[in-house]
Each structure stands twice: as structure tokens, then as C-alpha cells.
1. THR152 fails exactly one of the following numbered conditions: (1) assigned to a helix (DSSP H, G or I); (2) crowded, with 17+ Cβ neighbours inside 10 Å. What is the number of that condition?
2. Do you know which residues across segment 297-339 are in a helix (DSSP H, G or I) and touching a strand residue (DSSP E or B) at 6+ places or on another chain (Cβ under 9 Å)?
3. LYS155 - would you say it is basic (Lys, Arg), more than 16 Å from ligand 1 (Cβ to nearest atom), without any contact (Cβ under 8 Å) to a residue 60 or more places away in the chain and in the same structural domain as GLU218 (by TED's automatic domain parsing)?
4. Can you name every residue in segment 261-288 that is in a loop (DSSP other than H, G, I, E, B), over 19 Å from LEU362 (Cβ atoms) and either of a type in the set (A, V, I, L, M) or open to solvent by 10 Å² or more (accessible area, probe 1.4 Å) (or both)?
5. Condition first: modelled with pLDDT of 95 or more, of a type outside the set (Lys, Arg) and in contact with a Ser or Thr (Cβ under 7 Å, 6 or more places away or on another chain). Now tell me which residues in segment 219-247 satisfy that.
6. Inspect all residues belonging to segment 173-187 and state whether any of them is assigned to a helix (DSSP H, G or I), within 16 Å of ligand 1 (Cβ to nearest atom) and open to solvent by less than 30 Å² (accessible area, probe 1.4 Å).
7. Only one of (1) within 30 Å of SER398 (Cα to Cα); (2) in a strand (DSSP E or B); (3) touching a helix residue (DSSP H, G or I) at 6+ places or on another chain (Cβ under 8 Å) is not met by VAL213, so which one is it?
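The values are calculated or read from the model by the stated rules, or taken from the named source; none is laboratory data. Bear in mind that the values here come from a model prediction, so they are computed numbers and not experimental data. So basically every Cβ, Gly included, is an ideal-geometry build from the backbone, and we count neighbours across all protein chains shown. The accessibility values were calculated without ligands, DNA or RNA, using every heavy atom of the protein model including side chains. Shrake-Rupley method; radii C 1.70, N 1.55, O 1.52, S 1.80 Å.
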Amino acid sequence: MNFDTLIINANIATMNPEFGYGNNNPYGTIINSAVGIKDGKITFVGQIENLGECSANKVIELKNHWLTPALLDCHTHLVYGGNRSNEFEMRLNGVDYTEIAKNGGGILSTVRATRELSFDELYELSAIRLKDFINQGVGTIEIKSGYGLDLTTEKKMLMVAKKLGEEFNVNVQKTYLALHALPPEYKDKADDYVELACEWLRQLHAENLIDAVDAFCENIAFNREQVSKLFSVAKELNLPVKLHAEQLSDMNGAGLVAEFNGLSADHIEYLSEENIKKMSEKGVVGVLLPTAFYTLKETKVPPIDLMRKYKVKMAVSTDCNPGTSPSTSLLLAMNMACTLFKLTPEESLAGVTVNSAKALGLEHSKGQIKVGMDADLVLWDIDRPADLSYLIGQNRLSGLWLQGREMKIN
Ligand code: NIG
Ligand code: FE
């Protein structure tokens, strides 16, 4: 075999069932092993003695540091203008998130700030946040629109997301968050706005700017019927759907995602057993957003045990946004998934690798260290994989390869 890069003497959390992940070998671990890379793909994983005759353009010898798949964040609102620390102060003085939203703050205040910025200004602000993600080993990131609520700004957000992916050489998945909040110009005309959003969906899709479609199904946002209309158009266009579901109340949104064979139901604090069963049947991923839970001082924990019982795959994500999760740290989300939601560190790592890949429909190319998959790898200076969830505010990343290319880390 000939490799572009051969990494040897690594401890590897493969997250790959071929190495016993999900069965009898936590993290699918292999010790003191090797990964071979050719043309951006993984072409060998295993014990060094199984390598046989081989050559490599570059050999990287490790001292038993840990390799994991590069992390994937499957739910962010990374592209936005402004800042909402004023609302943080208001919440500390007793005004809650729903009240702030009803009074024209919340999402709408970020909409105003995002509309005002030029493409370049929005790009620069967003790039600062993206760098944080990359520095923590994130190689794939989903970025939603949804702070424009008019065609020009929604398009601007999606184009910024696209450019970020191109400039930083990371995989950006662009989601049109079509129904996030009702813009003030459509007050009391929600159904008209839904019609319009469906029209924009067609246009933005025609411009190749959309990988998936999302909405916010909640009392303070859009109802099931309205979301269903949007999802029908997405289905017609062959675009996968996902949903901000059951965050503040049970709107039966996760069931709707299952009906549409969608990718994921996200937040899901108020998720019912009935809908967990439906998610399980259809392979819908449950996306946990513990930083948003923490910020809003929620007390209702997502039904983790029931999801385990019905074998619903769980992903973990930052929800990076200026309102409920002003965080760019997926490692912190991993810690919070364990401390607040009682995930095991193995579930937490699965949540940002193999299960996050599934939540993005990328399970065949990313999220595991497996022959044939993209060579997206992170090297960590840690003693064991649980350290990634255990450490708080300590980033032990020491190398990152995306599609076989070594990335510059700041
Ligand atoms: O994922 N739930 C709705 N959307 C975002 C919050 C957006 C905001 O407050 O700006 C979320 O939590
Ligand atoms: Fe969100």
C-alpha cells in the first residue's frame, strides 16, 4: 500500500462498529495503532503489524496520543449580527426568554442587527466564531439562516456560510431556517409569511444554497400545520428536514419530522414517549443542546433514558446563537451533555462524531475512523477519550486533518 500520510503509534477512538464500538469495545478503541491516508480518504486503520509492505510520503509518529474523528457540529446559528448581552442582563433581573421575545426582543433583535450588516461585515464577524470551532477540532459545521426573515438577508446569510466553508476548507452544511420567527412586517399574517417562505425556499434551492430545511415549532413561533406546509415543499424539492422541536412545550413537532423522514429533532426537552417511538422507527436523530438548556436555566431535561430505551441516536451540538447559546465551544457542550443530561462520555463523543454525522445525513462519509471515509481526524493530548467531556475550558487539541490535509491551528 502507498499512503500520502501514515500516522503510527496512535491510540484511536474509531467510533467504528467494525472495532466494537456500540458493542463490546467502548469508543471502538484500538491502542498503539495506525491510520493511513490516501487522496483525502482513510485507506487503512488497524494494528501496525497488519500494515504489511507499504510506503508513505509522510510518516507521523505519535507517542500514544489519542486520535478521534474530527468533530461535527450539526446545529448552529453561527452567522449573525449584533449581540444580546442586554437580554442576558434582563433575564438575570427576572424577565424570561418568552417575555423578551413577545416584546420584540430575542430573535427579532438579532434580525434587525443582521439585516443592517453588509455581506463583508457579516462574514468577518462569523469568521471569528468559526475559527473557535476549528481550533476545537470541528471539521464539519451546520450553519442556519433564520435571522434575515426577508429574502435578501436570508440569502446573504447562506452565502456567508458558503464562503466560510470555501475560505476555511471546512465542510459547511447550509440550512435554510425558513420559519424561525414572524417578521414584524407580517404581524398577524403568519400564514402569508409561510407562503412566502415556501417561495423563497424554491428560489434559494434553485441557487444551490440549501442542504436542509429547518423551522421553529413553538407557541412563540410556528405551529405544526405551518411547519408541515414548509416540509411538503422541502419534500417536493428532495431536501431533508429537521426541526427546533419540543424546546419549551410539547408541540408534537418531532412526530412531524418522523412523518417526513427527516434528519433530526433538536432541543427536545418536552419530547413525548410516543414521538420517541416514531423517531426510532424512522431513524430520526435527537439533537441535544445543553448550552441552550443551561442559558435558559431550563429544568426539564430531555428524556435521555427513553431515547436509550428506544435506541434513538443522540447528537450533541452547541446551538451557537446570540440568544440562547452564546458559545462556540463544542467541547463545553460535551461536558454539559454529561453533567446536565447524564450522557456518558462515550455517548457524548458519539454525539459530536458518528451521531452528528447521521444528523447531517453524512453517516457514510464522516464521523468515524473507517476505511473509505474522509480522513477527518483530530489529535488530542489527553490520557483517555473521557477527558474530552471531563475537562472544562481546557482544549487539548494538538492536530487536525480534514480530508487528509493538515489544518493550521491557532
Ligand atoms: O435554537 N429556538 C429557537 N432558536 C434558537 C434561539 C435563537 C435566538 O434566541 O436567537 C435556539 O435556541
Ligand atoms: Fe437552534
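1. Condition (2) is where THR152 drops out.
2. Those that are in a helix (DSSP H, G or I) and touching a strand residue (DSSP E or B) at 6+ places or on another chain (Cβ under 9 Å): ILE304, MET307, ARG308, LEU330, LEU331, ALA333, MET334, MET336, ALA337.
3. yes
4. If the condition is that a residue be in a loop (DSSP other than H, G, I, E, B), over 19 Å from LEU362 (Cβ atoms) and either of a type in the set (A, V, I, L, M) or open to solvent by 10 Å² or more (accessible area, probe 1.4 Å) (or both), then ILE268, TYR270, LEU271, SER272 are the ones that fit.
5. Of everything in segment 219-247, nothing turns out to be modelled with pLDDT of 95 or more, of a type outside the set (Lys, Arg) and in contact with a Ser or Thr (Cβ under 7 Å, 6 or more places away or on another chain).
6. no
7. (1)
Results for (1) within 16 Å of ligand 2 (Cβ to nearest atom); (2) outside any helix (DSSP H, G or I); (3) farther than 28 Å from THR328 by Cβ, shown as yes or no for each residue.
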residue	(1), (2), (3)
ALA10	no, yes, no
ASN23	no, yes, yes
ALA56	no, yes, yes
GLY82	no, yes, no
ASN86	no, no, no
ARG91	no, no, no
